[in-house]
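As C-alpha cells, the structure follows; a few thoughts come after it.
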Amino acid sequence: MVTVTHSFAGRDLISMRDYKRDELLTILDEATLYEGFEQPILAGKVMASLFFEPSTRTHLSFSAAMNRLGGGVLGFADARVSSTAKGESLADTIRVVENYCDIVLIRHPMEGAARLAADNTSLPVINAGDGTNQHPTQTLLDLYTIRQKRGRLDNLKIAFIGDLKYSRTVHSLIETLTHFDNELFLVSPQSLRMPPEFIEELDARGTVYTEDEDFFSIASDVDIIYTTRIQQERFPDPIEYEKVKNAYRIDRAAISKIGDHVTIMHPLPRLNEISTDLDDHPGAAYFDQARNGVTVRKAVLAMLLGVSR
Ligand code: CP
C-alpha cells in the first residue's frame, strides 16, 4: 500500500458543483484502474454508512467497494435503529460517529443534510443522496457508463425522461453535464418539469436543451435515453402522483422506432418505466450502471482516503 498526497485526499463529495471538469475526468480515469481490483489497500480504514432513507445499490455497492479493498464498514441501513429515533440531532450523530470511522457516507431525505454532516466533522463525507438535491456518486457512475458505452462525454444527444422535478440523480447529472458540450432533451409531464434553478444553470452555462412533454417528438436521433422512476415518496399530494405515475413507459417496440443505436440508462430502481423486454437489448445499460457503481465507488473511497493502488 502506498499512501499519497493527493488533491482529493480529505475532501468531501457533497455536490457536483464542488468538482471541476478536470477533476471529474481524473476520478473517471482513476476508476478504470479499479475494474476487478481487489487488493486490501484500505485495510485498517473504516467507513460509517448512515442511511436515513432506503437504498439497495448505493448502500450495498459502497459496502462492497469497501470490503473488496479490505476496509471495514459500520453503520445502519434503517434510521429507526439509530438514536435519531430518540430525537438525537444529525449534527450530534455525526460528532459521535466520527470517533468510530475514517470516512462518512450519508443518505438523508433532507436537502442539505450531507453538507450539514460535513460541517460537523473534519472527516471526508460522501453524499449518498440528500432529498431531491444531489447524488454525486450516481453521477460519477453514470458518466463512467456513458463513456464506456459511447466512448466520449461530449457531442451527445441525451434525453432525460420522467420525473425531472424530484429526481436527484437527474439534477446531479444535468448540472455536471454543463461541464461538457452536449444537447439535452428534457421530457416530462408539465407538473414534473425541471426546477427553475436547474434551468437557469443550463442557461447560464450555455447548454443547449429542449423541454417537451412528448418523447417521440424529440427521440428520433438521441444517443442516450436516461429515464427515471416517478418519485412517489416526494409528492406532497398522492392524487398528483396518481395523475403522472404511468406517464412514460419505454419498451422494445418504442425503442425500435428510435433505432437500436440508442443507449438506455436508468439509475434504478425501476417500476414500470422500462419494460423488462428491453433487458437483453444491446443498448440496455442500467445493470451495467449498477455494476460500475462498485468500480467507481472503490476509486472514490481510495481517493478521498488518500490511498492509491
Ligand atoms: N440508484 C440508486 O441510488 O439506487 P438506491 O436507491 O437503491 O441506492
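Read-outs: derived from the displayed coordinates by stated rules, not from any lab. All of these numbers come straight from a predicted model, not from anything done at the bench. No Cβ is skipped: glycine too gets one built from the backbone with ideal geometry, and neighbour counts run over all protein chains shown.
Considering the options Leu271, Met303, Gly151, tell which one lies farthest towards the positive end of the dipole of the chain, charges being +1 on Lys and Arg and -1 on Asp and Glu at the Cβ, about the Cα centre. So the residue we want is Met303.
Using a cutoff of 8 angstrom between alpha carbon atoms and counting only pairs six or more residues apart, the relative contact order for the stretch 136-290 works out to 24 percent.
Rg ratio for the stretch 8-76: its Cα radius of gyration over 2.2 N^0.38 Å, N being its residue count, equals 1.22. Taking all Cα-Cα distances within the stretch 41-170, those exceeding 26 Å account for 28%.
Distance between Cα centroids, the stretch 218-288 to the stretch 109-178: provide it in whole Å. Comparing the Cα centres of the stretch 218-288 and the stretch 109-178, I get a distance of 18 Å. Under a Gaussian network description of the chain, with springs only between Cα atoms under 10 Å, the residue in Gly87, Gly75, Gly206 that fluctuates furthest is Gly87.
Charged side chains reduced to their Cβ positions (Lys and Arg at +1, Asp and Glu at -1) give the chain a dipole of some 820 debye around its Cα centre.
Kirkwood hydrodynamic radius computed over the stretch 136-290 comes to 15.5 Å, based on all pairs of distinct alpha carbons. Computed about its Cα centre, the charge dipole of the stretch 136-290 is approximately 320 debye, with only Lys, Arg, Asp and Glu carrying charge at their Cβ.
Regarding the stretch 222-309, what is the average projected area of its C-alpha convex hull, in nm²? Could the numbers behind the result be given before it?
Numbers: hull surface 32.5 nm².
Taking the Cα atoms of the stretch 222-309, their convex hull projects to 8.1 nm² on average.
Computed over the chain with a Gaussian network model linking Cα atoms closer than 10 Å, the most mobile of Glu233, Glu273, Glu175 is Glu233.
Over the chain, dividing the summed -39,500 (n - 2.57) contributions of all DSSP H runs of at least 4 residues by the number of residues returns a 222 nm mean residue ellipticity of -10500 deg cm²/dmol. Comparing mean-square fluctuations of Tyr19, Tyr144, Tyr286 from a GNM of the chain with C-alpha springs under 10 Å, the top value falls on Tyr19.
Quick check: convex hull of the Cα atoms in the stretch 97-157, volume per residue, rounded to a whole Å³?
Details: hull volume 6.7 nm³, N = 61.
Value for the stretch 97-157: 110 Å³ per residue.
Here the chain is described by how far its Cα atoms reach on the three principal axes: 54, 42, 39 Å, from widest to narrowest.
Which net charge results when you count Lys and Arg as +1 and Asp and Glu as -1 among the other residues whose beta-carbon is under 11 Å from that of Asp12? Local net charge: 0. In the stretch 1-106, taking the dipole from charged Cβ atoms about the Cα centre, the farthest positive-side position among Gly10, Asn99, Ile41 is held by Asn99. Using a cutoff of 8 angstrom between alpha carbon atoms and counting only pairs six or more residues apart, the relative contact order for the chain works out to 23 percent.
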